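A.B. asks: Questions regarding the structure given below will be posed in turn.
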Amino acid sequence: MNIRFKALLAGIFASVCSGALASHVIASDTTPQIAYEDISRSLPELEPITFRASAEKHKLLVFIDNQCVYCSYVVKNIKKYTDAGLTMSFLTVAPQSIKDSVIEDMGRVWCASERQKSLQNAMAGFLPGNDSSEKCKNLVVKQSEFADRLGVRVTPVMVVLDKSAHTFLGSVSPDKIISELN
């Protein structure tokens, strides 16, 4: 397992709820601070699709793939997350077994003029009608490489964007996230 993601998952004092794992991190091979700095430094160039909470309490980076049913649940319920004060930024993970189709499909999402709407539709099974350019496909490849570098191997993974390096695995409800973070 990658050192950075090990830092995100090491020392788990987690609680398991509805198939999801919530964890707070204690440093092992590297510190949560290093992982947080890597995410903060890399995120702008990866152009995540972000849904902003009007009364933001926390920011989360969510790794998804468009063929993941639990990821679809998170995107389908984005309003519940933002209403709870969670700003959600999404990046693509392209699992090796379906890599080419995920890159092609999600490249179309990132090339769409309305990325938020396009992501919501794609996660409901309706891909945008536009084509994907090499630039958009390359962006999705970079996002997936970033996920690999962090050691993301399952989806969805939600990483709280603060120095605590708190992570949630699975489609964790907004209420559960808020209660874990408070």
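The values are calculated or read from the model by the stated rules, or taken from the named source; none is laboratory data. Since this is a predicted model, take the numbers as computed values, not measurements. As a convention, Cβ positions derive from the backbone with ideal geometry for all residues, glycine included, and neighbour counts pool all protein chains shown. Please note that ligands, DNA and RNA were not included when accessible areas were found on the heavy atoms of the full protein model with its side chains. Shrake-Rupley method; radii C 1.70, N 1.55, O 1.52, S 1.80 Å.
A.B. asks: Only one residue in 137, 142, 117 is of a type in the set (Lys, Arg) and in contact (Cβ under 8 Å) with a residue 60 or more places away in the chain. Which one? Lay out the reasoning, then the answer.
C.D. replies: Details: 137 fails: in contact (Cβ under 8 Å) with a residue 60 or more places away in the chain; 117 fails: in contact (Cβ under 8 Å) with a residue 60 or more places away in the chain.
Result: 142 is the single residue among 137, 142, 117 that is of a type in the set (Lys, Arg) and in contact (Cβ under 8 Å) with a residue 60 or more places away in the chain.
A.B. asks: Further question: Restricting attention to segment 70-107, and to residues there that are small (Gly, Ala, Ser) and outside any strand (DSSP E or B), which single residue is most open to solvent (accessible area, probe 1.4 Å)? Give the derivation first.
C.D. replies: Pass one, segment 70-107, residues small (Gly, Ala, Ser): 72, 84-85, 89, 94, 97, 101, 107.
Next, only the ones that are outside any strand (DSSP E or B) stay: 72, 84-85, 94, 97, 101, 107.
Numbers: 72: 25, 84: 20, 85: 2, 94: 8, 97: 110, 101: 47, 107: 0 Å².
Top of the filtered list is 97.
Conditions (1) farther than 14 Å from residue 48 by Cβ; (2) modelled with pLDDT of 95 or more; (3) among the aromatic types (Phe, Trp, Tyr), marked per residue:
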position: 125; (1), (2), (3): yes, no, no
position: 132; (1), (2), (3): yes, no, no
position: 138; (1), (2), (3): yes, yes, no
position: 142; (1), (2), (3): no, yes, no
position: 176; (1), (2), (3): yes, yes, no
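A.B. asks: Taking the conditions exactly as written (modelled with pLDDT under 95 and among the aliphatic types (A, V, I, L, M)), does residue 34 satisfy them or not?
C.D. replies: On the way: modelled with pLDDT under 95: yes; among the aliphatic types (A, V, I, L, M): yes.
So residue 34 fits the description; yes.
A.B. asks: In segment 123-175, which residues are under 21 Å from residue 109 (Cα atoms), of a type outside the set (Val, Ile, Thr), outside any loop (DSSP other than H, G, I, E, B) and open to solvent by less than 60 Å² (accessible area, probe 1.4 Å)?
C.D. replies: 123, 136, 137, 139, 143, 144, 146, 147, 158
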